[in-house]
Amino acid sequence: MDLRKAHKLSPTKCLIIERLFEYRALTAYQVYFLLDPTNIPLTYPHFSWEQADTPKMRSLYNQLSQLQKLGMVYVVAKHDNGQRVFSLTEDGLSVAYSLLDIPQVEGYQRTGWDNEHGYFPYELYRPPKDRLLKHHTLGVDFNVLMELLAIKHNFSYDFIDNRYASVEFTSTDINSKREVEKIFRPDGEFIVRSNINGRRFHSWIEFDMGTEKGNMLHDKFLKYNQFLTYISSGLDHSSLANSIPDTIFFVTTARQNIWSRWQNIFRNYMNTIGRWGTYLNLYVGNLESLENLVISHINVNEIYRRQLNSNLRPLLDDPRFVGQPKPSKNLVNTSQVSSFCFLYENEMKALGWNPFFTVTQIDSHSHQIYLYVKFEEYETSGISKAIDFAHKFRDIDSMRRINARELIPVLIYSENKPHSLNFLGCDQKEAFEQVFVNFLWHDVLGNTWMDKDGNELDSNKVNPLTYFLRYRG
């Protein structure tokens, strides 16, 4: 039997049912935007209701009303702004399964990617209530905004929620020393693929209402550590990155006080993530900063590696600088990475990541290592990598051969300088601070260099790559 004819379901009604099936609970405006992302206001999630009050919107309300009368849709709740939240009834869910050709068989599982949906009984489909509904709505707003950004910046976007992203695993209990079963349950995952440079960005997602206290954040990140330890058995980092995310997007509702929220998240992450800090990058941001975070990751090679490569060349050619590498005078192709030194392949594999650095000669027998790590505001990977390298570089063969005595982290960013480093509350606070006794800031787009206190260096008077030699006799 053709359900469309039996229930007089227009193509628009079918699409509404499919969107409610996919997202579980939506306001009418969210349905409207997800049906046609070209209608999403550029200022989303900030826009006036009058701005979207169009004949199409009024038609959508009429369609939702008709679906309510058919017993397929009901109102879950009302937001504080008066917007009603719609979801599918049990009958509506059954219709959705039929429309999408999903067998209503317990255990029919799929990945959730590329619209490959599995079967869930109504108890698992039913949307959350009360406080958890606000958490769910934040997730929907994230997806609506990502659909807009996909159009604006020419990338494809796919998302799965926690029903698909959850994984059962085993871990050794600290107290009993026995293997226990656990569930790794992020709020979801997403994949971005640039249609311009082909870069693929795979990330876990956590939606933060600012209500999780320190112990809950501690347990959350500890479970990431345990899951990564479980799933990585027998794999190196590069193999792992091809199968699971290497990033957590921590989307918070904090706006004015995001710095204080970041500090709580950061210290719990650093206290629990362990060796996975160099593999897993944690971004913390809100919907307002989402665009910059996504674009910086998609364009990471263009913004950071290539631009930094260009910025370093005159400093390396400066007669005041003695060290490595020395770029060739006849090399004019700026896409060539020539301004960095690298470890040998076996050393990089043992380290688990690929550092890029320059070498400054202290004297005829010893050298400083300038390590370049990306540090946009509210992210962790660059900090973790600097700490990791500081603890290990003296034991790396190529570093020992040149008698590398000192590490100078260079924290590179674009446009907005991050807050100063603060390890307050970290279990290894003193050890972390020791790594950053001496470091520099570098704005890759503005090509400005600053000392750790944010004072700009005049490259006509001092070469940043020899800055820490000036106190030596």
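So the values come out like this:
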{"quantity": "Helices (runs of 4 or more DSSP H) within region 230-298 that include 2 or more residues under 21 Å from Asp427 (Cα atoms) and not assigned by TED's automatic domain parsing to the domain that holds Phe389", "calculated": "258-272"}
{"quantity": "Which numbered condition Ile196 misses (of (1) in a strand (DSSP E or B); (2) over 23 Å from Asn271 (Cα atoms))", "calculated": "(1)"}
{"quantity": "Yes/no for Arg84 being surrounded by fewer than 17 Cβ atoms within 10 Å (Cβ to Cβ), touching a Lys or Arg at 6+ places or on another chain (Cβ under 6 Å) and over 17 Å from Arg163 (Cα atoms)", "calculated": "yes"}
{"quantity": "Verdict on Phe159 being among the aromatic types (Phe, Trp, Tyr), in the same structural domain as Thr229 (by TED's automatic domain parsing), within 16 Å of the chain's Cα centre (by Cα) and at pLDDT 95 or above", "calculated": "yes"}
{"quantity": "Candidates Leu145, Leu132, Leu138, Leu124, filtered to the one that is closer than 19 Å to Glu206 by Cα and free of Cβ contacts under 8 Å to residues at least 60 places away in the same chain", "calculated": "Leu132"}
{"quantity": "Top-ranked residue of region 224-264 - restricted to ones that are of a type in the set (D, E, K, R) and either touching a strand residue (DSSP E or B) at 6+ places or on another chain (Cβ under 6 Å) or modelled with pLDDT of 85 or more (or both), ranked as surrounded by the most Cβ atoms within 10 Å (Cβ to Cβ)", "calculated": "Arg261"}
{"quantity": "Only listed residue being free of Cβ contacts under 8 Å to residues at least 24 places away in the same chain, under 21 Å from Asp158 (Cβ atoms) and charged (D, E, K, R), chosen from Asp101, Asp80, Asp114", "calculated": "Asp101"}
{"quantity": "Test result for Phe207, part of a strand (DSSP E or B), closer than 18 Å to Thr253 by Cα and touching a residue at least 40 places away in the same chain (Cβ under 8 Å)", "calculated": "yes"}
{"quantity": "The lone exception for Lys392 - which of (1) in contact with a helix residue (DSSP H, G or I) (Cβ under 7 Å, 6 or more places away or on another chain); (2) free of Cβ contacts under 8 Å to residues at least 60 places away in the same chain; (3) more than 25 Å from Phe342 (Cα to Cα); (4) among the charged types (D, E, K, R) it fails", "calculated": "(3)"}
{"quantity": "Filter pass, Leu138 being within 26 Å of Leu290 (Cα to Cα), touching a strand residue (DSSP E or B) at 6+ places or on another chain (Cβ under 6 Å) and either crowded, with 17+ Cβ neighbours inside 10 Å or not assigned by TED's automatic domain parsing to the domain that holds Ile16 (or both)", "calculated": "yes"}
{"quantity": "Residues of region 19-68 satisfying the condition of being over 25 Å from Phe120 (Cα atoms) and among the small types (Gly, Ala, Ser)", "calculated": "Ser48, Ala52, Ser59, Ser65"}
{"quantity": "Residue list for region 165-191, filter: more than 15 Å from Phe221 (Cα to Cα), in contact (Cβ under 8 Å) with a residue 24 or more places away in the chain and either of a type in the set (D, E, K, R) or not assigned by TED's automatic domain parsing to the domain that holds Asn225 (or both)", "calculated": "Glu189"}
{"quantity": "Of all residues making up region 73-107, the number that are over 23 Å from Tyr29 (Cβ atoms) and among the charged types (D, E, K, R)", "calculated": "4"}
{"quantity": "Near pairs, Cβ below 6 angstrom, 6+ apart or cross-chain, from region 298-320 (surrounded by 15 or more Cβ atoms within 10 Å (Cβ to Cβ)) to any residue that is modelled with pLDDT of 85 or more and among the charged types (D, E, K, R)", "calculated": "Ile298/Arg199; Tyr304/Lys374"}
{"quantity": "Residue match in region 386-401 (condition: touching a Ser or Thr at 6+ places or on another chain (Cβ under 7 Å) and modelled with pLDDT under 90)", "calculated": "no"}
{"quantity": "Residue within region 44-66 that is under 21 Å from Phe159 (Cα atoms) and either β-branched (Val, Ile, Thr) or assigned by TED's automatic domain parsing to the domain that holds Tyr122 (or both) present", "calculated": "yes"}
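Residue-by-condition table, conditions (1) surrounded by fewer than 17 Cβ atoms within 10 Å (Cβ to Cβ); (2) at pLDDT 95 or above; (3) of a type outside the set (S, T, N, Q):
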residue: Arg4; (1), (2), (3): yes, no, yes
residue: Lys8; (1), (2), (3): yes, no, yes
residue: Ala25; (1), (2), (3): no, yes, yes
residue: Ile40; (1), (2), (3): no, no, yes
residue: His46; (1), (2), (3): yes, no, yes
residue: Leu60; (1), (2), (3): no, no, yes
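The values are calculated or read from the model by the stated rules, or taken from the named source; none is laboratory data. Just so it is clear, the model here is predicted, and its values are computed rather than measured. All Cβ positions, glycine included, derive from the backbone under ideal geometry; neighbour counts span all protein chains shown.
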